[in-house]
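Below is one structure; the comments refer to it alone.
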Amino acid sequence: MAGRLDRIDLKILRFLQNSGRLTNAELAEMAGVSAATCHRRTQRLFEEGFIAEVRAMVAPRKVGKGALVMVGVVLDRSTPESFAAFERAIAQLKFVLDCHLVAGDFDYFLKIRVGDMEDFNRIHGEQLIALPGVRQTRTFFVMKEVVDNAPLDF
């Protein structure tokens, strides 16, 4: 896919990745193209799926979600049906930021934002361990976020 992008497209992607609030005029100036060209290229980048979405990054602590928790999940069976049931159920939980099928000691790895440990304890006991097929979970409370949501390097 990257072969279809020229240096101007890559510039536009890098600038937008670092600041999604740039106006088209600002972006055009930074990329060294006219506003019309910049708009056309940006629209194409959206249409072709190079830009999935643009949204604000909310500061978790400011909205009472300062605790970051990673959870490894092991299912009781490794079948397409059990994976599908788990994935349907986990997609409904609003506190789950990321869910990844992984290789290794776990079947899935979750990234969860909560207010505090008590909040997580309630969610774990009432919702996580009740998900379809969950045999075991292992919880990791993040003590310090060193790198989070870094821009892609391309």
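The values are calculated or read from the model by the stated rules, or taken from the named source; none is laboratory data. All values reported here derive from a predicted model rather than from experimental measurement. Quick reminder, even Gly has a Cβ in these numbers, built from the backbone with ideal geometry, and neighbours come from all protein chains shown. All accessible areas refer to the heavy atoms of the entire protein, side chains included, with ligands and DNA or RNA removed. Shrake-Rupley method; radii C 1.70, N 1.55, O 1.52, S 1.80 Å.
How much of the accessible area of the chain, in percent, comes from carbon and sulfur atoms when a 1.4 Å probe is used?
Details: 5570 of 10420 Å².
Carbon and sulfur atoms account for 53 percent of the accessible area of the chain.
Might you report the magnitude of the Cβ-based charge dipole of region 1-140 about its Cα centre, with Lys and Arg at +1 and Asp and Glu at -1, to the nearest 20 debye? Present the calculation step by step, with values, prior to reporting the outcome.
Working: 20 positive and 17 negative charges, 83 e Å.
The dipole of region 1-140 has a size of about 400 debye.
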To the nearest Å, what is the center-to-center distance of region 84-129 and region 1-41, using C-alpha atoms only? 36 Å
Might you tell me the accessible area per residue for the chain, computed with a 1.4 Å probe and given in Å²? 68 Å²
For region 101-140, compute Rh as the Kirkwood radius over C-alpha pairs and then the Stokes-Einstein diffusion coefficient at 10 °C and 1.306 mPa s; write the answer in µm²/s, rounded to an integer. 141 µm²/s
Cα lying deepest toward the dipole's positive end in the chain, options Asn24, Ser82, Phe50, charges on Cβ: Asn24
Selection of trypsin sites (Lys or Arg not before Pro), region 1-46, meeting DSSP coil and at most 16 other Cβ within 10 Å: Arg21
Stokes-Einstein diffusion coefficient for region 42-154 at 10 °C in a medium of 1.306 mPa s, Rh from the Kirkwood formula over Cα pairs: what value in µm²/s? 100 µm²/s
What's the lysine pair count for the chain at a Cα cut-off below 26 Å, pairs eight or more apart or interchain? 9
Name the residue farthest towards the positive end of the dipole of the chain from the options Val142, Asn121, Phe109, assuming +1 on Cβ of Lys and Arg, -1 on Cβ of Asp and Glu, about the Cα centre. Val142
